[in-house]
Amino acid sequence: MIAVVMGVSGSGKTTVAALLAARLGWRFCEGDDLHPRENVEKMHGGTPLTDADRLPWLQKIAGEIDSWRGAGESVVLTCSALKRAYRDIIIGDRPDVVLIYLRGSRDLIARRLAARHEHFMPAALLDSQFGALQEPSPDERPIVVDVDGSPAEIVERIARVLQGRSAEAAPASRLRPGPEIP
């Protein structure tokens, strides 16, 4: 199974995904590490990425996901995946790829970004992130988790749902829609 942890910058994707991977004994991959250098430079400079900028990055992520699936690896991957079109590229019809949406209010996320140091995504780009965000719909089978708890609490909630889905799903069947987790 591949778990894609999505959300706006500052929602806790890296922290939660790394802890989740450790908790489950899965591999961890930081999706931002797959960005072309040009994208990182743009974001660092305060310039929002366009869909054209993101396309090679999303295609690379999709290729990595297909490699892991082919090798039978279980991976927790971070990816902002703000738009449905982006998620369609990286998840699409892959039944063993589950979407985990870390949902938080703009105020909470802004406070978190203000406390960060040495991250390439400046807080000034937060409005563009929320402007681009299309929350996952039920047909995407997301696990939706509010990020107002501690990282450990969030990870335990996600792990319980993932383990339930793994137990319920036969290898060739699609995963069932997940609940929202308060």
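The values are calculated or read from the model by the stated rules, or taken from the named source; none is laboratory data. Everything numeric here is computed off the predicted structure, so don't read it as measured data. Neighbour counts are summed over all protein chains in view; Cβ atoms, including those assigned to glycine, are modelled from backbone coordinates with ideal geometry.
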Original post:
Yes or no: Ile65 among the hydrophobic types (A, V, I, L, M, F, W, C) and free of Cβ contacts under 8 Å to residues at least 40 places away in the same chain?
Top reply: no
Original post:
Residues in the range 31-56 that are within 26 Å of Ile100 (Cβ to Cβ) and not acidic (Asp, Glu): how many?
Top reply: 13
Original post:
Given the range 1-88, what strands (runs of 3 or more DSSP E) lie entirely inside it while holding 3 or more residues that are modelled with pLDDT of 95 or more, within 23 Å of Arg141 (Cα to Cα) and of a type in the set (Val, Ile, Thr)?
Top reply: 2-6, 75-78
Original post:
in contact (Cβ under 8 Å) with a residue 40 or more places away in the chain, in contact with a Cys (Cβ under 9 Å, 6 or more places away or on another chain) and either surrounded by fewer than 20 Cβ atoms within 10 Å (Cβ to Cβ) or within 18 Å of Glu156 (Cβ to Cβ) (or both) - does that describe any residue in the range 69-92?
Top reply: yes
**OP:** For the range 111-120, indicate whether the set of residues that are in a helix (DSSP H, G or I), closer than 27 Å to Asn39 by Cβ and modelled with pLDDT of 95 or more is non-empty.
**Re:** no
